[in-house]
1. Starting with the fewest neighbours, write out 134, 329 ranked by other beta-carbon atoms found within 10 Å of each beta-carbon.
2. Using the number of other C-beta atoms within 10 angstrom as an exposure proxy, rank 77, 260 with the fewest first.
3. Simple spin-label model, 7 Å along Cα-to-Cβ: residue 151 to residue 488 in nm?
4. For a Förster distance of 30 Å, can you work out the FRET efficiency between the beta-carbons of residue 260 and residue 293, rounded to the nearest 0.05?
5. Tell me, 262, 385, 332 in order of fewest to most beta-carbon neighbours within 10 Å?
6. Need one word for the stretch 99-160: rounded, prolate or oblate. Basis is the Cα gyration tensor (sqrt eigenvalues a ≥ b ≥ c); a/c below 1.5 gives rounded, then a/b vs b/c decides.
7. What percent does the relative contact order of the stretch 99-160 come to when contacts are Cα pairs within less than 8 Å and at least six residues apart?
8. By how many nm would the segment from residue 454 to residue 402 lengthen if fully extended, with 0.36 nm per residue of separation less the alpha-carbon distance?
């Protein structure tokens with residue numbers, strides 16, 4: 001993004017990524033005079049900044065209250081950053097962890113293999129891979145012939161084994177990318193061509209390339225397990241998938257435009273023709289660079305005690321902005337990588353074969369279903385995205401006659417005529433609903449799409465007919481079911497806030 005960025009937009013982008021996953025504690029804090037502090041203390045160095053009024057944040061993590069004449073709350077973010085607040089300035093909200101919720105579900109499932117598997121899949125979707133495998137092992141203990149459980153155990157063994165080194169594949173990859181100065185790094189299932197630093201960033205133990213490969217492997221494992229655990233068999237890739245990670249945004253953009261001018265504003269993309277996914281280090285993004293300048297001003301000014309004397313909260317602001325900046329950088333990476341990796345996985349496992357044309361809402365809906373960052377870490381699959389659900393609610397509320405927010409309009413792929421934000425949101429909403437409630441029929445729809453001859457145009461009427469054929473439901477009833485489901489969807493933060501409101505009543 002090359003346009004000028006106001007601090008108000010920057011702050012909104014920071015706050016928009018928080019939070020997605022349930023933790024043991026939340027704290028609610030109003031940054032209050034942060035905008036004024038920036039204007040007064042940094043305005044001379046950052047001309048034309050408008051902070052805006054959206055300064056209330058809710059953060060997940062761990063909170064410990066310390067007593068005394070001036071009681072404090074010591075807050076630790078999931079990324080390890082610790083901030084000390086005055087207790088009177090924050091609201092401390094306690095919530096169960098996903099681990100606790102899973103253990104409760106597992107206990108309630110008892111000796112019912114189907115219920116135990118359901119709990120295990122829930123854990124998988126929350127990013128609790130160890131607990132998922134624990135649940136699957138229990139399923140097989142209860143039912144030694146359980147087909148889904150046995151297939152997951154077999155798949156787990158296969159995924160632990162790295163694919164063999166393939167020099168011909170490496171050469172092919174280099175021939176595609178044509179960047180001889182970039183090195184190749186590998187993991188069990190990926191080859192990564194990159195020019196990123198060979199030393200870890202400050203405060204990290206792994207390089208950016210290693211972090212990226214770790215994330216790719218998590219998405220790979222979760223993608224394969226989600227379908228196999230629910231008796232949907234996918235092809236297992238026999239060659240490492242190819243990914244390019246540029247150190248700088250400018251180099252990425254130049255390379256992208258050379259492939260196609262339409263990629264000028266892309267944050268990452270998957271090219272099905274070459275079967276390569278392309279990304280850059282989000283630490284070099286314009287927004288991140290701009291925000292880094294803002295936080296640097298705070299850090300520099302903090303060295304002058306006199307300037308901070310009349311604003312004791314300013315150092316706290318600086319630390320919070322530093323923390324939020326780090327989280328936003330990681331969330332941006334996770335969102336784009338998991339999204340494009342899902343496209344690549346679908347194309348290499350037979351779910352959406354690379355040679356077929358797939359409706360926008362289908363492939364973008366599935367990719368959006370997997371793009372779940374939570375406070376700078378991979379959060380699993382299918383959590384309710386605040387960005388997507390907000391866009392869905394906005395259009396659903398505006399479309400009083402339901403001309404464009406019904407099942408037929410979405411599955412006909414016409415929803416993207418209203419713009420990408422609504423297209424992605426409704427593709428996500430339909431995919432979320434179908435995977436959670438009608439998975440078998442949805443997979444049948446995927447299969448039918450894959451059987452359409454390449455010379456047949458996927459017009460709106462045909463797409464509706466194919467969907468109707470696969471789902472075999474009354475569309476009026478399905479539409480009502482979908483809308484009711486979407487009304488029931490809440491982000492994790494909304495659930496916590498509702499629970500708090502219920503306590504206060």
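Just so it is clear, none of the values below were taken in a lab; they were calculated from the coordinates. A quick note: this is a predicted structure, and the numbers were derived from the prediction, not measured. Ideal geometry is used to build each Cβ from the backbone, glycine not excepted, and the neighbour counts take in all protein chains shown.
1. Working: 134 17, 329 23.
Exposure proxy ranking, most exposed first: 134, 329.
2. Numbers: 77 23, 260 11.
Arranged by neighbour count, lowest to highest, 77, 260 become 260, 77.
3. 2.6 nm
4. Working: r = 32 Å, r/R0 = 1.06.
Computed FRET efficiency for residue 260 and residue 293: 0.40.
5. Working: 262 10, 385 24, 332 21.
Going from least to most buried by this count: 262, 332, 385.
6. On the way: a/c = 2.46, a/b = 1.20, b/c = 2.05.
In terms of gyration-tensor shape, oblate.
7. Values: 56 pairs, mean separation 16.4, N = 62.
Once normalised by length, the contact order is 26 percent.
8. On the way: separation 52, 0.36 × 52 = 18.72 nm, distance 3.26 nm.
Gain in length upon complete extension: 15.5 nm.
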